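Take a look at the structure below.
The values are calculated or read from the model by the stated rules, or taken from the named source; none is laboratory data. From a predicted model like this one, the values you see are computed outputs, not experimental measurements. When we count neighbours, we look across all protein chains shown, and the Cβ atoms used for this are built from the backbone with ideal geometry, even at glycine. Quick note on the areas: whole protein, heavy atoms, side chains included, nothing else; ligands and nucleic acids left out. Shrake-Rupley method; radii C 1.70, N 1.55, O 1.52, S 1.80 Å.
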Amino acid sequence: YDINTLPRERVAQERQRALNGECRLFLFNHRLASGEIRDVEVHLTPIESGGKTLLFSIVTAVTARRQAELELAQHRDHLERLVVERTSELAQANARLIVQMRAIADLYDNAPCGYHSLSPDGTITAVNETELALLGYARDEYLGHKITEFMPPESVETFRKNYAEFARSGRVRDVELDLICKDGSVIPFLASGDLVRDAEGKFVATRSTIVDNR
């Protein structure tokens, strides 16, 4: 009772529970002869000897372990705070990115000229609202089709002649082409484009604009 810092009632309670047959494991602070306080772990086990119930005690110094556990808990708390902070920062960054993406999408869709992208074989893979409005097509009526499907024969020939040079040089400007609208009318355009290549230099797509040339 004198050399530990637990209340006397707690020590007596643990002792009695062990005497009643329970194996007890608990922690308390042990006061050394020098007055220094150490963390200890006590394991009480009841044993029978000569018709009496005795307590076999194993006392282990755990100050270093407890300190390591405390440091680990502090480190874990620090990491959890960092995760919360980084999560908040990421959410804010994502929100800003969404705003920027919407602004870019709005700029692309509502530009004063038509924008479209083509695959290497001339299939339309992307288009803005301006171009669709100019020609009168719904998006699903335009995407996935060859651009030449919307040209009269003479423009198809012009496109094919310029497309070969375009694939070689990577750039073409102000080529005169006619496009057929959904209502059958034909609009003259000035078409310009830039080639998109992958990291290995392979031709993967085009980015093109068309300007009403009436």
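In this structure, does Asp121 turn out to be surrounded by fewer than 19 Cβ atoms within 10 Å (Cβ to Cβ), among the charged types (D, E, K, R), out of contact with any helix residue (DSSP H, G or I) (no Cβ under 7 Å at 6 or more places or on another chain) and within 26 Å of Ala105 (Cα to Cα)?
Working: surrounded by fewer than 19 Cβ atoms within 10 Å (Cβ to Cβ): yes; among the charged types (D, E, K, R): yes; out of contact with any helix residue (DSSP H, G or I) (no Cβ under 7 Å at 6 or more places or on another chain): yes; within 26 Å of Ala105 (Cα to Cα): yes.
Yes; evaluated as a whole, the condition is true for this residue.
Return the total of residues in the stretch 178-192 being open to solvent by less than 40 Å² (accessible area, probe 1.4 Å) and either assigned to a loop (DSSP other than H, G, I, E, B) or in contact with a helix residue (DSSP H, G or I) (Cβ under 6 Å, 6 or more places away or on another chain) (or both).
So the count comes out to 2.
Could you list, in sequence order, all residues of the stretch 27-38 that are open to solvent by less than 80 Å² (accessible area, probe 1.4 Å) and either out of contact with any strand residue (DSSP E or B) (no Cβ under 6 Å at 6 or more places or on another chain) or outside any strand (DSSP E or B) (or both)?
Hits for the stretch 27-38 are Leu32, Gly35.
Does Glu154 fit the bill of being buried (at least 17 other Cβ atoms within 10 Å of the Cβ) and either closer than 28 Å to Asp106 by Cβ or not hydrophobic (A, V, I, L, M, F, W, C) (or both)? Before you say what the answer is, go through the steps one by one.
Details: buried (at least 17 other Cβ atoms within 10 Å of the Cβ): no; either closer than 28 Å to Asp106 by Cβ or not hydrophobic (A, V, I, L, M, F, W, C) (or both): yes.
Against the criterion (buried (at least 17 other Cβ atoms within 10 Å of the Cβ) and either closer than 28 Å to Asp106 by Cβ or not hydrophobic (A, V, I, L, M, F, W, C) (or both)), Glu154 does not qualify.
Could you please tell me which pairs satisfy a Cβ distance under 8 Å, a separation of 6+ or placement on different chains, a first residue in the stretch 124-148 that is open to solvent by 40 Å² or more (accessible area, probe 1.4 Å), and a second residue that is acidic (Asp, Glu)?
Listed pairs, sorted by first residue: Glu129/Asp109; Leu134/Asp212; Gly136/Asp183; Lys146/Asp121.
Condition (residue is more than 30 Å from Leu135 (Cβ to Cβ) and not aromatic (Phe, Trp, Tyr)) applied to the stretch 100-108: is it met by at least one residue?
Residues of the stretch 100-108 that are more than 30 Å from Leu135 (Cβ to Cβ), as a first pass: none.
No, the conditions are met nowhere in the stretch 100-108.
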